[in-house]
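Enquirer: To start, I am sharing the structure in question, which I have written as C-alpha coordinates.
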Amino acid sequence: MYLPPFPLLGGILAWTTVYFLGFKKQKWAELILGAVAFILAMVIQNPIQQLPLLGIGIRSNADVIARGTAFTVGVAIWLGLVAGFVQEGVKYFFVKDRSPNDALFVGLGFGITEVLSVAVTPIIAVAVAGGKLDVPVLQALLSMVERYFAVLFHVGTTVYLAYASKNGLGGKGFLTMATLHGFVDTLAVYGQFLVLKSEELAMKFTIGLEVVFAVTATALIAYTLPLARIEEPDENKVIW
(Lines give C-alpha, C1' and ligand atoms only; values in the text may rest on other atoms or scores of the structure.)
Protein backbone atom coordinates (compact mmCIF):
# COMPACT_ATOMS: atom_id res chain seq x y z
CA MET A 1 0.00 0.00 0.00
CA TYR A 2 1.13 3.55 -0.75
CA LEU A 3 1.69 5.12 2.68
CA PRO A 4 1.11 8.93 2.50
CA PRO A 5 -2.71 8.95 2.15
CA PHE A 6 -3.17 6.95 5.35
CA PRO A 7 -1.84 9.48 7.91
CA LEU A 8 -3.74 12.17 6.00
CA LEU A 9 -6.92 10.15 6.33
CA GLY A 10 -6.26 9.74 10.06
CA GLY A 11 -5.98 13.51 10.44
CA ILE A 12 -9.18 14.13 8.47
CA LEU A 13 -11.06 11.58 10.58
CA ALA A 14 -9.85 13.26 13.78
CA TRP A 15 -10.95 16.68 12.53
CA THR A 16 -14.31 15.18 11.57
CA THR A 17 -14.64 13.62 15.03
CA VAL A 18 -14.10 16.99 16.71
CA TYR A 19 -16.62 18.53 14.33
CA PHE A 20 -19.35 16.02 15.13
CA LEU A 21 -18.63 16.18 18.85
CA GLY A 22 -20.08 19.68 18.78
CA PHE A 23 -17.37 22.00 17.46
CA LYS A 24 -18.86 22.82 14.07
CA LYS A 25 -17.94 26.50 14.04
CA GLN A 26 -14.36 26.53 12.81
CA LYS A 27 -11.97 29.10 14.22
CA TRP A 28 -9.59 29.53 11.33
CA ALA A 29 -7.34 32.11 12.99
CA GLU A 30 -6.72 29.70 15.87
CA LEU A 31 -6.14 26.82 13.46
CA ILE A 32 -3.47 28.89 11.71
CA LEU A 33 -2.00 29.81 15.08
CA GLY A 34 -1.74 26.10 15.84
CA ALA A 35 0.13 25.55 12.58
CA VAL A 36 2.55 28.33 13.51
CA ALA A 37 3.01 26.74 16.95
CA PHE A 38 3.90 23.39 15.36
CA ILE A 39 6.49 24.94 13.04
CA LEU A 40 8.03 26.88 15.93
CA ALA A 41 8.11 23.75 18.09
CA MET A 42 9.99 21.82 15.39
CA VAL A 43 12.50 24.63 14.94
CA ILE A 44 13.25 24.50 18.67
CA GLN A 45 12.91 20.76 19.23
CA ASN A 46 15.09 19.28 16.50
CA PRO A 47 18.40 20.99 17.40
CA ILE A 48 17.92 20.24 21.11
CA GLN A 49 17.30 16.58 20.33
CA GLN A 50 19.98 16.05 17.72
CA LEU A 51 22.98 18.22 18.59
CA PRO A 52 24.01 16.27 21.73
CA LEU A 53 23.73 13.01 19.79
CA LEU A 54 25.76 14.36 16.90
CA GLY A 55 28.34 15.52 19.42
CA ILE A 56 28.97 11.94 20.56
CA GLY A 57 29.05 10.51 17.07
CA ILE A 58 25.46 9.32 16.62
CA ARG A 59 24.43 9.72 13.00
CA SER A 60 21.62 7.17 12.63
CA ASN A 61 19.32 4.79 14.47
CA ALA A 62 21.79 2.01 13.72
CA ASP A 63 24.47 3.92 15.66
CA VAL A 64 22.12 4.06 18.65
CA ILE A 65 21.31 0.35 18.54
CA ALA A 66 24.99 -0.52 18.23
CA ARG A 67 25.68 0.94 21.67
CA GLY A 68 23.40 -1.46 23.49
CA THR A 69 20.00 -1.63 25.10
CA ALA A 70 20.67 0.77 27.98
CA PHE A 71 21.93 3.45 25.61
CA THR A 72 18.98 2.89 23.27
CA VAL A 73 16.49 3.29 26.12
CA GLY A 74 18.32 6.42 27.30
CA VAL A 75 18.19 7.99 23.84
CA ALA A 76 14.49 7.13 23.51
CA ILE A 77 13.80 8.83 26.85
CA TRP A 78 15.86 11.87 25.83
CA LEU A 79 14.12 12.28 22.46
CA GLY A 80 10.69 11.64 23.95
CA LEU A 81 11.00 14.06 26.85
CA VAL A 82 12.45 16.83 24.70
CA ALA A 83 9.55 16.44 22.28
CA GLY A 84 7.03 16.47 25.12
CA PHE A 85 8.41 19.48 26.94
CA VAL A 86 9.14 21.57 23.83
CA GLN A 87 5.82 20.91 22.09
CA GLU A 88 3.70 21.39 25.20
CA GLY A 89 5.81 24.40 26.15
CA VAL A 90 5.17 26.10 22.82
CA LYS A 91 1.47 25.26 22.97
CA TYR A 92 1.30 26.60 26.53
CA PHE A 93 2.92 29.86 25.41
CA PHE A 94 0.26 30.31 22.73
CA VAL A 95 -2.81 29.40 24.81
CA LYS A 96 -2.03 30.41 28.40
CA ASP A 97 -4.09 33.57 28.04
CA ARG A 98 -6.78 32.08 25.83
CA SER A 99 -10.06 30.27 26.50
CA PRO A 100 -10.20 26.45 26.38
CA ASN A 101 -12.53 26.78 23.37
CA ASP A 102 -9.92 28.76 21.45
CA ALA A 103 -7.23 26.38 22.62
CA LEU A 104 -9.10 23.42 21.10
CA PHE A 105 -8.63 24.88 17.64
CA VAL A 106 -5.00 25.80 18.32
CA GLY A 107 -4.41 22.16 19.27
CA LEU A 108 -6.30 20.99 16.20
CA GLY A 109 -4.21 23.21 13.95
CA PHE A 110 -1.06 21.91 15.64
CA GLY A 111 -2.10 18.28 15.13
CA ILE A 112 -3.22 18.67 11.51
CA THR A 113 0.02 20.44 10.61
CA GLU A 114 1.93 17.55 12.17
CA VAL A 115 -0.11 15.17 10.00
CA LEU A 116 0.88 17.11 6.88
CA SER A 117 4.51 16.96 7.97
CA VAL A 118 4.35 13.21 8.58
CA ALA A 119 2.73 12.63 5.18
CA VAL A 120 4.92 14.93 3.10
CA THR A 121 8.36 14.30 4.63
CA PRO A 122 8.69 10.70 3.31
CA ILE A 123 7.62 11.85 -0.17
CA ILE A 124 10.41 14.43 -0.20
CA ALA A 125 12.92 11.91 1.17
CA VAL A 126 12.05 9.37 -1.52
CA ALA A 127 12.19 12.04 -4.22
CA VAL A 128 15.70 12.99 -3.12
CA ALA A 129 17.19 9.60 -2.26
CA GLY A 130 15.03 7.24 -4.29
CA GLY A 131 13.16 4.19 -3.07
CA LYS A 132 9.50 3.36 -2.51
CA LEU A 133 6.77 4.28 -0.07
CA ASP A 134 4.91 1.00 -0.32
CA VAL A 135 4.28 -0.67 3.05
CA PRO A 136 2.26 -3.66 4.30
CA VAL A 137 -1.46 -3.02 4.74
CA LEU A 138 -1.24 -3.36 8.54
CA GLN A 139 1.51 -0.75 8.76
CA ALA A 140 -0.48 1.66 6.60
CA LEU A 141 -3.56 1.21 8.78
CA LEU A 142 -1.52 1.69 11.94
CA SER A 143 -0.20 4.98 10.57
CA MET A 144 -3.79 6.13 10.03
CA VAL A 145 -4.83 5.11 13.54
CA GLU A 146 -1.72 6.70 15.07
CA ARG A 147 -2.36 10.05 13.37
CA TYR A 148 -6.04 9.95 14.32
CA PHE A 149 -5.27 9.63 18.00
CA ALA A 150 -2.26 11.96 17.78
CA VAL A 151 -4.48 14.81 16.57
CA LEU A 152 -7.00 14.13 19.33
CA PHE A 153 -4.13 13.97 21.84
CA HIS A 154 -2.88 17.41 20.75
CA VAL A 155 -6.39 18.81 21.01
CA GLY A 156 -6.80 17.41 24.52
CA THR A 157 -3.46 18.57 25.88
CA THR A 158 -3.89 22.07 24.46
CA VAL A 159 -7.35 22.48 25.95
CA TYR A 160 -6.05 21.31 29.31
CA LEU A 161 -3.13 23.74 29.18
CA ALA A 162 -5.50 26.67 28.65
CA TYR A 163 -7.89 25.43 31.33
CA ALA A 164 -5.10 24.92 33.86
CA SER A 165 -3.66 28.37 33.18
CA LYS A 166 -7.08 29.99 33.52
CA ASN A 167 -7.54 28.34 36.92
CA GLY A 168 -4.14 29.24 38.34
CA LEU A 169 -2.59 25.82 37.69
CA GLY A 170 -0.55 26.68 34.63
CA GLY A 171 2.77 25.33 35.83
CA LYS A 172 1.29 22.11 37.17
CA GLY A 173 -0.81 21.64 34.03
CA PHE A 174 2.19 22.17 31.78
CA LEU A 175 4.34 19.71 33.74
CA THR A 176 1.57 17.08 33.66
CA MET A 177 0.93 17.37 29.92
CA ALA A 178 4.64 17.58 29.03
CA THR A 179 5.41 14.46 31.06
CA LEU A 180 2.48 12.56 29.56
CA HIS A 181 3.50 13.63 26.06
CA GLY A 182 7.11 12.72 26.76
CA PHE A 183 6.13 9.26 27.99
CA VAL A 184 4.10 8.51 24.86
CA ASP A 185 6.82 9.81 22.54
CA THR A 186 9.48 7.81 24.39
CA LEU A 187 7.57 4.62 23.65
CA ALA A 188 7.10 5.68 20.01
CA VAL A 189 10.82 6.37 19.56
CA TYR A 190 11.78 3.07 21.15
CA GLY A 191 9.41 1.32 18.75
CA GLN A 192 11.30 2.91 15.83
CA PHE A 193 14.59 1.63 17.22
CA LEU A 194 13.14 -1.87 17.59
CA VAL A 195 12.61 -2.08 13.83
CA LEU A 196 16.36 -2.50 13.39
CA LYS A 197 16.43 -5.40 15.83
CA SER A 198 13.32 -7.30 14.80
CA GLU A 199 10.52 -6.12 12.53
CA GLU A 200 8.17 -8.69 14.04
CA LEU A 201 8.90 -7.53 17.59
CA ALA A 202 8.63 -3.89 16.53
CA MET A 203 5.21 -4.51 14.98
CA LYS A 204 3.92 -6.19 18.16
CA PHE A 205 5.33 -3.32 20.25
CA THR A 206 3.72 -0.76 17.94
CA ILE A 207 0.31 -2.42 18.14
CA GLY A 208 0.54 -2.42 21.94
CA LEU A 209 1.64 1.22 21.89
CA GLU A 210 -1.32 2.17 19.70
CA VAL A 211 -3.69 0.58 22.20
CA VAL A 212 -2.11 2.55 25.07
CA PHE A 213 -2.12 5.74 22.98
CA ALA A 214 -5.76 5.25 21.96
CA VAL A 215 -6.87 4.81 25.57
CA THR A 216 -4.82 7.83 26.69
CA ALA A 217 -6.08 10.12 23.91
CA THR A 218 -9.69 9.02 24.36
CA ALA A 219 -9.58 9.61 28.11
CA LEU A 220 -7.97 13.02 27.57
CA ILE A 221 -10.58 14.04 25.01
CA ALA A 222 -13.44 12.80 27.23
CA TYR A 223 -12.12 14.96 30.07
CA THR A 224 -11.18 18.11 28.15
CA LEU A 225 -13.88 18.57 25.50
CA PRO A 226 -16.54 19.53 28.09
CA LEU A 227 -14.12 22.21 29.29
CA ALA A 228 -13.95 23.63 25.77
CA ARG A 229 -17.70 23.70 25.16
CA ILE A 230 -18.14 26.89 27.17
CA GLU A 231 -17.81 29.84 24.84
CA GLU A 232 -16.42 32.99 26.45
CA PRO A 233 -16.71 36.65 25.48
CA ASP A 234 -14.65 37.61 22.45
CA GLU A 235 -11.82 39.05 24.51
CA ASN A 236 -9.26 36.58 23.28
CA LYS A 237 -8.24 37.36 19.76
CA VAL A 238 -5.25 36.10 17.84
CA ILE A 239 -2.41 38.55 18.18
CA TRP A 240 -0.27 38.54 15.05
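Enquirer: Output yes when any residue across the stretch 15-32 is of a type in the set (Lys, Arg), farther than 26 Å from residue 172 by Cα, at pLDDT 95 or above and over 18 Å from the mean Cα position of the chain (by Cα), and no when none is. I'd like the intermediate steps shown before the answer.
Expert: Applying the first criterion (of a type in the set (Lys, Arg)) to the stretch 15-32 yields 24-25, 27.
From what's left, farther than 26 Å from residue 172 by Cα: 24-25, 27.
Okay, now just the ones that are also at pLDDT 95 or above, so 27.
Going one step further and asking which of them are over 18 Å from the mean Cα position of the chain (by Cα), we end up with 27.
Yes: one or more hits.
Enquirer: Somewhere in the stretch 101-121, is a residue in contact (Cβ under 8 Å) with a residue 60 or more places away in the chain, closer than 23 Å to residue 17 by Cβ and acidic (Asp, Glu)?
Expert: Yes.
Enquirer: Then there's this: Give 159, 115, 128 a once-over and let me know the one that is closer than 16 Å to residue 11 by Cα and aliphatic (A, V, I, L, M).
Expert: Every option except 115 fails the conditions.
Enquirer: For the stretch 30-76, what are the residues that are more than 24 Å from residue 181 (Cβ to Cβ), hydrophobic (A, V, I, L, M, F, W, C) and open to solvent by less than 40 Å² (accessible area, probe 1.4 Å)?
Expert: 65
Enquirer: Follow-up. Could you check, for the stretch 1-8, whether at least one of its residues is open to solvent by 20 Å² or more (accessible area, probe 1.4 Å), over 21 Å from the mean Cα position of the chain (by Cα), under 25 Å from residue 144 (Cα atoms) and at pLDDT below 95?
Expert: So far as the stretch 1-8 goes, yes, one or more of its residues are open to solvent by 20 Å² or more (accessible area, probe 1.4 Å), over 21 Å from the mean Cα position of the chain (by Cα), under 25 Å from residue 144 (Cα atoms) and at pLDDT below 95.
Enquirer: Separate question: I want to confirm something. Restricting to the stretch 9-29 and keeping residues that are surrounded by 13 or more Cβ atoms within 10 Å (Cβ to Cβ), of a type outside the set (Gly, Ala, Ser) and out of contact with any helix residue (DSSP H, G or I) (no Cβ under 8 Å at 6 or more places or on another chain), which single residue is nearest to residue 135 (Cα to Cα)?
Expert: Only one residue fits best here, namely 12.
The values are calculated or read from the model by the stated rules, or taken from the named source; none is laboratory data. Everything numeric in this text was worked out from a predicted model, so none of it was measured. No Cβ is skipped: glycine too gets one built from the backbone with ideal geometry, and neighbour counts run over all protein chains shown. These area figures cover heavy atoms from the full protein model, side chains too; ligands, DNA and RNA do not enter into them. Shrake-Rupley method; radii C 1.70, N 1.55, O 1.52, S 1.80 Å.
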